[in-house]
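I have placed the structure first, in the form of structure tokens, so that the comments after it can refer back to it.
The values are calculated or read from the model by the stated rules, or taken from the named source; none is laboratory data. Since the model is a prediction, treat every value here as computed from it, not as a measurement. Note that we place each Cβ from the backbone using ideal geometry, even for glycine, and neighbour counts take in every protein chain shown.
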Amino acid sequence: MSVIKGIKMKLLKLFIAAIISGSMAASAFAADGRIDFNGRITKATCTVDASTADPVNLPEVGATALAGKGKTGGDTLFSINLKDCGIVGGSANVQVKFDGVKDRIDGNLLKINSESGGATGVGIGIYEKNGSTLINMGELSKSTPVTKDVTKLEFKAKYVATGETVTPGTVKASTDFTLDYE
């Protein structure tokens, strides 16, 4: 009986050893992967000054002043202020891309938020400082030189009629922006 017991013990030990080695082998079959890293080194980077977050308050404009598709009004100067611009290797320039929701009638304009009592038939146009060159939503502004300490990027916002008539009411809109250094 002790011979049979000894054989059973050896078989049990072999069985346990096989299970342990099988579980160790499973970890050897781990999947491989890949991580891609992307970046860009620029001549300059800046910090956006907190004053840039101040709201741009357009003036009240009568709906009749905007009667007619493409009519504009309420020209309001605003700026994106950059500071701590570390310039490396000479000069650098920056452009701005406004990434707001496009107006459904005129995709070059910023869509105003629809709300009860809100104006209709109007969008917000963002222009270069000269007030005559519209910066289309999702496209880059003209290039502006970056200075070492403070760079002020100036633009104009205007109401722009998207149809023949504008309905009076409140106007609210917002846009994100991206700085593109060259």
Per the filter on the range 45-99, residues of a type in the set (D, E) and within 27 Å of G118 (Cβ to Cβ) are D54, E60, D75, D99
The residue that is surrounded by the most Cβ atoms within 10 Å (Cβ to Cβ), considering only those in the range 22-74 that are at pLDDT 90 or above and among the basic types (K, R), is K71
Take D99 and tell me if it is closer than 25 Å to A67 by Cβ, of a type in the set (D, E, K, R) and in contact (Cβ under 8 Å) with a residue 24 or more places away in the chain.
no
Of the residues in the range 34-72, those that are in contact (Cβ under 8 Å) with a residue 24 or more places away in the chain and either in a helix (DSSP H, G or I) or of a type in the set (F, W, Y) (or both) come to S51, T52, A63, L66
